[in-house]
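Please read the structure below before turning to the comments.
The values are calculated or read from the model by the stated rules, or taken from the named source; none is laboratory data. These numbers come from a predicted model, not from an experiment. Counting neighbours? That spans all protein chains shown, and the Cβs are built from the backbone with ideal geometry, glycine included. Note: areas computed on protein heavy atoms with side chains; ligands, DNA, RNA excluded. Shrake-Rupley method; radii C 1.70, N 1.55, O 1.52, S 1.80 Å.
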Amino acid sequence: MFDLKINALTHAEFLKEYWQKQPLLIKGGFTDFEDPIEPEELAGLAMEEDIESRLITNHDDKWESYHGPFEDFSQLTETNSTLLVQAVDHWHPVAAELLEPFRFIPNWRIDDLMISYSTPGGGVGPHLDQYDVFIIQGEGKRHWRVGLPDSSLKEFAQNKSLLQVEQFNAIIDEVLEPGDILYIPPGCPHEGYAVENALNYSVGFRAPDTKDFLSNFADYLIDNELGKTRYSDKTLTLRESSGELKNEEVEKIQSLMLNAIQDKAVIKRWLGNYLSQPKHDMDLLPLDEPISSNELANYISSQVINRTGGVRTFYQMFENSILLSVNSETFSLPINMLDATKLLTDLTYFEANEIIPSVSCLEFAEMLTKLINEGYYFIQQEE
(Lines give C-alpha, C1' and ligand atoms only; values in the text may rest on other atoms or scores of the structure.)
Protein backbone atom coordinates (compact mmCIF):
# COMPACT_ATOMS: atom_id res chain seq x y z
CA MET A 1 0.00 0.00 0.00
CA PHE A 2 2.87 2.41 0.83
CA ASP A 3 5.93 2.34 -1.44
CA LEU A 4 8.91 4.02 0.26
CA LYS A 5 11.56 5.78 -1.82
CA ILE A 6 14.50 7.16 0.18
CA ASN A 7 15.53 9.78 -2.36
CA ALA A 8 17.89 7.89 -4.70
CA LEU A 9 19.23 5.63 -1.93
CA THR A 10 18.89 1.89 -1.57
CA HIS A 11 18.06 0.58 1.88
CA ALA A 12 21.67 -0.57 2.25
CA GLU A 13 23.01 2.86 1.26
CA PHE A 14 20.67 4.59 3.71
CA LEU A 15 21.82 2.34 6.55
CA LYS A 16 25.48 2.92 5.70
CA GLU A 17 25.32 6.68 5.19
CA TYR A 18 22.52 7.94 7.47
CA TRP A 19 21.20 5.43 10.02
CA GLN A 20 22.20 6.73 13.48
CA LYS A 21 24.64 9.12 11.79
CA GLN A 22 22.83 12.16 10.40
CA PRO A 23 19.27 13.37 9.75
CA LEU A 24 17.79 13.17 6.27
CA LEU A 25 14.95 14.95 4.50
CA ILE A 26 13.18 12.52 2.15
CA LYS A 27 11.13 14.57 -0.30
CA GLY A 28 8.22 12.63 -1.74
CA GLY A 29 9.14 9.50 0.22
CA PHE A 30 5.59 8.32 -0.39
CA THR A 31 4.24 9.38 -3.78
CA ASP A 32 0.58 10.44 -3.90
CA PHE A 33 0.31 9.83 -0.16
CA GLU A 34 -3.19 9.25 1.20
CA ASP A 35 -3.83 9.40 4.93
CA PRO A 36 -4.79 6.00 6.36
CA ILE A 37 -6.79 7.63 9.15
CA GLU A 38 -9.03 10.68 9.54
CA PRO A 39 -8.58 13.23 12.36
CA GLU A 40 -12.02 12.25 13.70
CA GLU A 41 -10.91 8.61 13.95
CA LEU A 42 -7.77 9.67 15.79
CA ALA A 43 -9.89 11.65 18.24
CA GLY A 44 -12.08 8.59 18.74
CA LEU A 45 -9.03 6.51 19.70
CA ALA A 46 -7.97 9.22 22.16
CA MET A 47 -11.27 8.72 23.99
CA GLU A 48 -10.47 5.06 24.73
CA GLU A 49 -9.17 4.21 28.19
CA ASP A 50 -6.76 1.53 26.92
CA ILE A 51 -5.03 3.87 24.46
CA GLU A 52 -2.33 6.32 25.53
CA SER A 53 -2.93 9.89 24.34
CA ARG A 54 -1.88 13.45 25.10
CA LEU A 55 -3.02 16.93 24.17
CA ILE A 56 -0.43 19.71 24.19
CA THR A 57 -1.13 23.42 23.86
CA ASN A 58 1.06 26.49 23.62
CA HIS A 59 -0.78 29.77 24.11
CA ASP A 60 1.22 32.94 24.82
CA ASP A 61 4.33 30.80 25.43
CA LYS A 62 2.56 28.90 28.18
CA TRP A 63 2.86 25.17 27.53
CA GLU A 64 0.24 22.79 28.91
CA SER A 65 0.02 19.01 28.63
CA TYR A 66 -3.14 16.97 29.21
CA HIS A 67 -3.38 13.20 29.35
CA GLY A 68 -6.22 11.11 27.92
CA PRO A 69 -8.59 9.46 27.71
CA PHE A 70 -10.54 12.55 26.65
CA GLU A 71 -14.26 13.08 27.03
CA ASP A 72 -14.21 16.18 24.86
CA PHE A 73 -11.70 18.18 22.84
CA SER A 74 -12.33 21.69 24.09
CA GLN A 75 -8.55 22.03 24.64
CA LEU A 76 -7.90 21.23 20.97
CA THR A 77 -8.19 24.85 19.93
CA GLU A 78 -8.12 26.32 16.42
CA THR A 79 -4.44 27.21 16.82
CA ASN A 80 -1.41 26.10 18.85
CA SER A 81 -2.62 22.67 19.90
CA THR A 82 -1.63 19.08 19.19
CA LEU A 83 -3.32 15.75 19.86
CA LEU A 84 -0.95 12.75 20.04
CA VAL A 85 -2.03 9.11 20.13
CA GLN A 86 0.48 6.34 20.84
CA ALA A 87 0.64 2.83 19.34
CA VAL A 88 -2.09 3.44 16.77
CA ASP A 89 -0.80 0.35 14.90
CA HIS A 90 -2.23 -1.75 17.77
CA TRP A 91 -5.75 -0.53 17.06
CA HIS A 92 -6.05 0.62 13.45
CA PRO A 93 -5.09 -2.04 10.85
CA VAL A 94 -4.94 0.36 7.91
CA ALA A 95 -2.67 2.83 9.73
CA ALA A 96 -0.53 -0.12 10.89
CA GLU A 97 0.46 -0.70 7.25
CA LEU A 98 2.61 2.43 7.50
CA LEU A 99 5.14 0.38 9.48
CA GLU A 100 5.69 -2.13 6.70
CA PRO A 101 7.97 -0.03 4.43
CA PHE A 102 10.34 0.43 7.38
CA ARG A 103 10.81 -3.26 8.13
CA PHE A 104 14.20 -3.22 6.47
CA ILE A 105 15.07 -2.37 10.08
CA PRO A 106 14.87 -5.57 12.22
CA ASN A 107 11.49 -6.31 13.83
CA TRP A 108 12.78 -6.17 17.38
CA ARG A 109 13.93 -2.57 16.91
CA ILE A 110 10.57 -1.23 15.69
CA ASP A 111 8.52 0.28 18.50
CA ASP A 112 5.19 1.69 17.36
CA LEU A 113 3.31 4.20 15.22
CA MET A 114 2.40 7.45 16.94
CA ILE A 115 0.03 9.81 15.12
CA SER A 116 -0.49 13.48 15.86
CA TYR A 117 -3.02 16.04 14.67
CA SER A 118 -2.04 19.70 15.01
CA THR A 119 -3.77 23.00 14.41
CA PRO A 120 -1.68 25.91 13.02
CA GLY A 121 1.21 26.67 15.37
CA GLY A 122 0.72 23.37 17.18
CA GLY A 123 3.71 21.27 18.21
CA VAL A 124 5.56 19.96 21.25
CA GLY A 125 8.44 22.43 21.11
CA PRO A 126 12.15 21.84 20.51
CA HIS A 127 13.24 18.56 22.05
CA LEU A 128 15.53 15.54 21.89
CA ASP A 129 14.63 11.89 21.43
CA GLN A 130 17.02 9.10 22.36
CA TYR A 131 15.76 6.83 19.61
CA ASP A 132 15.51 6.86 15.81
CA VAL A 133 12.31 8.11 14.24
CA PHE A 134 10.84 8.56 10.77
CA ILE A 135 8.24 11.34 10.69
CA ILE A 136 5.81 11.16 7.77
CA GLN A 137 3.85 14.21 6.74
CA GLY A 138 0.18 13.53 6.12
CA GLU A 139 -2.49 16.08 5.28
CA GLY A 140 -1.50 19.72 5.69
CA LYS A 141 1.97 21.19 6.09
CA ARG A 142 4.42 21.35 8.95
CA HIS A 143 7.59 23.41 9.35
CA TRP A 144 10.50 21.36 10.69
CA ARG A 145 13.92 22.31 11.99
CA VAL A 146 16.49 19.59 12.76
CA GLY A 147 20.02 19.96 14.12
CA LEU A 148 23.01 17.76 14.81
CA PRO A 149 23.78 16.33 18.27
CA ASP A 150 25.23 18.98 20.59
CA SER A 151 26.21 18.00 24.12
CA SER A 152 26.17 21.64 25.20
CA LEU A 153 22.43 22.00 24.62
CA LYS A 154 20.49 22.25 27.87
CA GLU A 155 17.20 20.44 28.45
CA PHE A 156 14.50 21.84 30.69
CA ALA A 157 10.96 20.91 31.73
CA GLN A 158 8.14 23.15 30.55
CA ASN A 159 5.91 21.17 32.88
CA LYS A 160 6.05 17.75 34.54
CA SER A 161 5.46 15.83 31.33
CA LEU A 162 7.02 18.03 28.64
CA LEU A 163 10.81 18.09 28.33
CA GLN A 164 12.26 20.59 25.87
CA VAL A 165 15.69 21.78 24.76
CA GLU A 166 17.07 25.26 24.18
CA GLN A 167 17.25 26.66 20.66
CA PHE A 168 19.75 25.03 18.29
CA ASN A 169 21.37 25.50 14.91
CA ALA A 170 19.41 23.69 12.20
CA ILE A 171 20.85 21.81 9.22
CA ILE A 172 17.34 21.00 7.97
CA ASP A 173 14.83 23.87 7.86
CA GLU A 174 11.93 22.90 5.60
CA VAL A 175 8.17 22.89 5.26
CA LEU A 176 7.01 19.30 4.72
CA GLU A 177 4.12 18.45 2.44
CA PRO A 178 2.08 15.21 2.22
CA GLY A 179 4.35 12.23 1.54
CA ASP A 180 7.55 13.95 2.70
CA ILE A 181 9.49 12.14 5.43
CA LEU A 182 12.11 13.17 8.00
CA TYR A 183 14.59 10.68 9.39
CA ILE A 184 15.95 11.86 12.76
CA PRO A 185 18.69 9.86 14.56
CA PRO A 186 18.96 9.75 18.37
CA GLY A 187 20.15 12.91 20.07
CA CYS A 188 19.37 15.29 17.19
CA PRO A 189 17.40 18.33 18.40
CA HIS A 190 14.27 18.99 16.39
CA GLU A 191 11.03 20.96 16.42
CA GLY A 192 8.01 21.01 14.17
CA TYR A 193 5.06 23.39 14.03
CA ALA A 194 1.95 22.99 11.90
CA VAL A 195 1.55 25.60 9.18
CA GLU A 196 -2.05 24.47 8.71
CA ASN A 197 -4.15 21.67 10.16
CA ALA A 198 -1.83 18.70 9.82
CA LEU A 199 -1.49 14.98 10.45
CA ASN A 200 1.92 13.45 11.21
CA TYR A 201 2.94 9.82 11.56
CA SER A 202 5.97 8.90 13.68
CA VAL A 203 7.57 5.48 13.24
CA GLY A 204 9.68 5.08 16.37
CA PHE A 205 12.34 2.55 17.29
CA ARG A 206 13.26 0.92 20.59
CA ALA A 207 16.64 1.68 22.14
CA PRO A 208 16.86 0.38 25.72
CA ASP A 209 19.79 1.68 27.74
CA THR A 210 22.22 -0.36 29.84
CA LYS A 211 20.26 -0.03 33.07
CA ASP A 212 17.09 -1.18 31.28
CA PHE A 213 18.85 -4.32 30.07
CA LEU A 214 20.49 -5.08 33.42
CA SER A 215 17.36 -4.41 35.46
CA ASN A 216 15.17 -6.60 33.28
CA PHE A 217 17.79 -9.36 33.13
CA ALA A 218 17.97 -9.38 36.93
CA ASP A 219 14.16 -9.72 37.08
CA TYR A 220 14.36 -12.60 34.60
CA LEU A 221 16.93 -14.41 36.75
CA ILE A 222 14.70 -13.99 39.80
CA ASP A 223 11.50 -15.07 38.02
CA ASN A 224 13.18 -18.17 36.60
CA GLU A 225 15.19 -19.01 39.73
CA LEU A 226 18.50 -18.60 37.93
CA GLY A 227 21.74 -16.93 39.02
CA LYS A 228 21.89 -18.83 42.30
CA THR A 229 25.65 -19.30 42.37
CA ARG A 230 26.82 -17.74 45.63
CA TYR A 231 29.99 -15.87 46.37
CA SER A 232 32.65 -18.07 48.00
CA ASP A 233 36.21 -17.50 49.21
CA LYS A 234 37.82 -20.81 50.18
CA THR A 235 41.28 -19.26 49.77
CA LEU A 236 40.57 -16.45 52.25
CA THR A 237 43.67 -15.52 54.27
CA LEU A 238 44.23 -13.30 57.27
CA ARG A 239 44.57 -9.63 56.37
CA GLU A 240 45.91 -6.63 58.19
CA SER A 241 42.70 -4.59 57.91
CA SER A 242 39.25 -6.15 58.18
CA GLY A 243 37.74 -3.02 56.70
CA GLU A 244 39.27 -3.50 53.24
CA LEU A 245 37.43 -4.90 50.22
CA LYS A 246 40.34 -6.13 48.11
CA ASN A 247 40.65 -5.71 44.34
CA GLU A 248 40.68 -9.47 43.81
CA GLU A 249 37.38 -9.72 45.70
CA VAL A 250 35.85 -7.04 43.49
CA GLU A 251 37.05 -8.98 40.44
CA LYS A 252 35.58 -12.18 41.83
CA ILE A 253 32.18 -10.54 42.33
CA GLN A 254 32.38 -9.04 38.85
CA SER A 255 33.23 -12.47 37.43
CA LEU A 256 30.24 -14.00 39.24
CA MET A 257 27.93 -11.47 37.57
CA LEU A 258 29.55 -11.82 34.16
CA ASN A 259 29.17 -15.60 34.25
CA ALA A 260 25.39 -15.19 34.35
CA ILE A 261 25.45 -12.83 31.37
CA GLN A 262 27.80 -15.06 29.37
CA ASP A 263 25.40 -17.99 29.32
CA LYS A 264 24.23 -17.66 25.69
CA ALA A 265 21.18 -19.89 26.13
CA VAL A 266 19.95 -17.85 29.11
CA ILE A 267 20.66 -14.55 27.38
CA LYS A 268 18.78 -15.55 24.22
CA ARG A 269 15.72 -16.74 26.11
CA TRP A 270 15.70 -13.60 28.21
CA LEU A 271 16.05 -11.36 25.14
CA GLY A 272 13.25 -13.27 23.45
CA ASN A 273 11.05 -12.53 26.45
CA TYR A 274 12.14 -8.93 27.01
CA LEU A 275 12.41 -7.55 23.48
CA SER A 276 9.09 -9.03 22.35
CA GLN A 277 7.13 -7.49 25.21
CA PRO A 278 4.58 -4.95 23.92
CA LYS A 279 4.71 -1.57 25.67
CA HIS A 280 1.03 -0.81 25.08
CA ASP A 281 -2.30 -2.60 25.25
CA MET A 282 -3.47 -4.46 22.18
CA ASP A 283 -6.72 -5.13 20.36
CA LEU A 284 -6.60 -8.94 20.65
CA LEU A 285 -9.61 -11.08 19.77
CA PRO A 286 -9.11 -14.62 21.13
CA LEU A 287 -11.24 -17.29 19.48
CA ASP A 288 -14.61 -17.79 21.16
CA GLU A 289 -14.26 -21.50 20.51
CA PRO A 290 -10.58 -22.46 20.67
CA ILE A 291 -9.35 -24.99 18.15
CA SER A 292 -7.05 -27.93 18.84
CA SER A 293 -3.78 -28.58 17.01
CA ASN A 294 -5.51 -31.54 15.28
CA GLU A 295 -8.04 -29.12 13.79
CA LEU A 296 -5.46 -26.53 12.73
CA ALA A 297 -4.83 -27.71 9.14
CA ASN A 298 -8.54 -27.72 8.27
CA TYR A 299 -9.15 -24.44 10.09
CA ILE A 300 -6.54 -22.47 8.15
CA SER A 301 -6.76 -24.29 4.81
CA SER A 302 -7.19 -22.01 1.74
CA GLN A 303 -7.32 -18.86 3.86
CA VAL A 304 -5.03 -15.95 4.70
CA ILE A 305 -3.19 -15.78 8.02
CA ASN A 306 -2.82 -12.25 9.40
CA ARG A 307 -0.66 -10.99 12.24
CA THR A 308 -2.58 -8.73 14.63
CA GLY A 309 -1.36 -5.12 14.73
CA GLY A 310 1.25 -4.47 17.41
CA VAL A 311 2.33 -8.12 17.79
CA ARG A 312 6.09 -8.17 18.35
CA THR A 313 7.82 -11.23 16.93
CA PHE A 314 11.31 -12.31 15.95
CA TYR A 315 13.42 -15.46 16.08
CA GLN A 316 16.93 -16.45 17.17
CA MET A 317 19.06 -19.28 15.88
CA PHE A 318 20.58 -22.05 17.97
CA GLU A 319 22.80 -24.73 16.47
CA ASN A 320 19.98 -27.26 16.11
CA SER A 321 16.84 -25.30 16.89
CA ILE A 322 15.01 -21.99 16.53
CA LEU A 323 13.74 -19.82 19.37
CA LEU A 324 10.63 -17.94 18.24
CA SER A 325 9.43 -15.04 20.41
CA VAL A 326 5.92 -13.59 20.19
CA ASN A 327 4.82 -10.92 22.68
CA SER A 328 7.06 -12.20 25.50
CA GLU A 329 6.23 -15.88 24.86
CA THR A 330 9.00 -18.11 23.50
CA PHE A 331 8.76 -21.35 21.53
CA SER A 332 11.51 -23.81 20.68
CA LEU A 333 11.15 -25.20 17.17
CA PRO A 334 13.13 -27.68 15.05
CA ILE A 335 15.67 -26.13 12.70
CA ASN A 336 13.73 -27.35 9.64
CA MET A 337 10.89 -24.97 10.61
CA LEU A 338 12.97 -21.92 9.62
CA ASP A 339 11.05 -21.08 6.44
CA ALA A 340 7.72 -21.34 8.26
CA THR A 341 9.09 -19.22 11.11
CA LYS A 342 10.11 -16.53 8.64
CA LEU A 343 6.54 -16.39 7.34
CA LEU A 344 5.31 -15.63 10.87
CA THR A 345 7.98 -13.02 11.64
CA ASP A 346 8.77 -11.37 8.30
CA LEU A 347 5.25 -10.98 6.88
CA THR A 348 2.13 -9.41 8.34
CA TYR A 349 -0.05 -11.73 6.25
CA PHE A 350 0.42 -14.71 3.93
CA GLU A 351 -1.58 -17.50 2.33
CA ALA A 352 -2.13 -20.30 4.82
CA ASN A 353 -1.31 -22.92 2.18
CA GLU A 354 2.31 -21.76 2.37
CA ILE A 355 2.50 -22.97 5.95
CA ILE A 356 0.29 -26.07 5.77
CA PRO A 357 3.24 -28.49 5.27
CA SER A 358 4.76 -27.28 8.56
CA VAL A 359 1.64 -28.21 10.51
CA SER A 360 2.78 -31.84 10.37
CA CYS A 361 5.45 -30.83 12.91
CA LEU A 362 3.83 -31.24 16.35
CA GLU A 363 5.80 -28.42 18.01
CA PHE A 364 4.97 -25.99 15.23
CA ALA A 365 1.31 -27.00 15.10
CA GLU A 366 0.88 -26.59 18.87
CA MET A 367 2.63 -23.21 18.77
CA LEU A 368 0.54 -21.82 15.89
CA THR A 369 -2.68 -23.18 17.41
CA LYS A 370 -1.92 -21.35 20.65
CA LEU A 371 -1.14 -18.08 18.85
CA ILE A 372 -4.36 -18.26 16.83
CA ASN A 373 -6.46 -19.18 19.86
CA GLU A 374 -5.06 -16.19 21.75
CA GLY A 375 -5.63 -13.77 18.87
CA TYR A 376 -2.02 -12.95 17.96
CA TYR A 377 -2.71 -14.32 14.47
CA PHE A 378 -6.09 -14.64 12.78
CA ILE A 379 -7.42 -16.04 9.55
CA GLN A 380 -9.15 -14.18 6.78
CA GLN A 381 -10.87 -15.91 3.90
CA GLU A 382 -9.50 -15.14 0.48
CA GLU A 383 -11.86 -13.16 -1.72
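Between Arg312, Arg54, Arg142, the Gaussian network model of the chain with springs among Cα atoms under 10 angstrom shows the greatest mean-square fluctuation at Arg54. With all protein chains in place and ligands, DNA and RNA left out, the 1.4 Å accessible area ranks Val359, Val94 as Val94, Val359, largest first. Modelled spin-label separation between Asp60 and Cys361, with each label point placed 7 Å from Cα along the Cα-to-Cβ direction: 6.6 nm.
Ranked by the mean number of other Cβ atoms within 10 Å of their residues, highest first, the peptides 182-193, 344-355 fall in the order 182-193, 344-355. Put Met282, Met47 in order of accessible area, highest first, and with a 1.4 Å probe you get Met47, Met282.
Cβ-Cβ distance of Leu148 and Glu40, R₀ of 56 Å, FRET efficiency by 1/(1 + (r/R0)^6): the value works out to about 0.90.
Here the gap between Ser161 and Ala297, fully extended at 0.36 nm per residue and compared with their Cα-Cα distance, gives a gain of 44.0 nm. Computed about its Cα centre, the charge dipole of the chain is approximately 1800 debye, with only Lys, Arg, Asp and Glu carrying charge at their Cβ.
Computed from backbone phi with θ = phi - 60° and the Karplus coefficients 6.51, -1.76 and 1.60, the 3J(HN,Hα) list for region 255-270 is 5, 4, 6, 5, 4, 5, 6, 7, 7, 4, 5, 5, 4, 5, 5, 5 Hz; x is used for glycine and proline. The charge dipole of region 11-205, taken about the Cα centre with unit charges on the Cβ atoms of Lys, Arg (+1) and Asp, Glu (-1), comes to about 860 debye, rounded to the nearest 20.
Taking Glu48, Glu251, Glu174 in turn, the Gaussian network model of the chain (Cα-Cα springs below 10 Å) assigns the largest fluctuation to Glu251.
Ordering Val85, Gly29, Pro106 by Cα displacement along the dipole of region 11-205 toward the positive end leaves Pro106 in first place; charges were set at the Cβ atoms of Lys, Arg (+1) and Asp, Glu (-1).
Take the Kirkwood radius over Cα pairs of the chain, plug it into Stokes-Einstein at 10 °C and 1.306 mPa s, and you get 67 µm²/s for translational diffusion. Put simply, when 194-200, 265-271, 159-165, 230-236 are sorted by average Cβ atoms within 10 angstrom per residue, most first, you get 194-200, 265-271, 159-165, 230-236. Seen from Ala198, the other residues with C-beta closer than 12 Å to its C-beta sum to a net charge of -3, counting Lys and Arg as +1 and Asp and Glu as -1.
The ellipsoid that matches the Cα gyration tensor of region 44-104 has semi-axes, each √(5λ) in whole angstrom, of 26, 15, 9, with the longest given first.
Given a cut-off of 22 Å, name the pairs among Lys16/Lys342; Lys211/Lys264; Lys211/Lys246; Lys27/Lys342 whose C-alpha atoms lie farther apart than that in the structure shown. Violating the 22 Å limit, Cα to Cα: Lys16/Lys342; Lys211/Lys246; Lys27/Lys342.
Given R0 = 56 Å, the distance between the Cβ atoms of Lys5 and Leu245 translates into a calculated FRET efficiency of 0.40. With 0.36 nm allotted per residue and the present C-alpha distance subtracted, the Thr237-Lys16 stretch has 74.1 nm of extension available.
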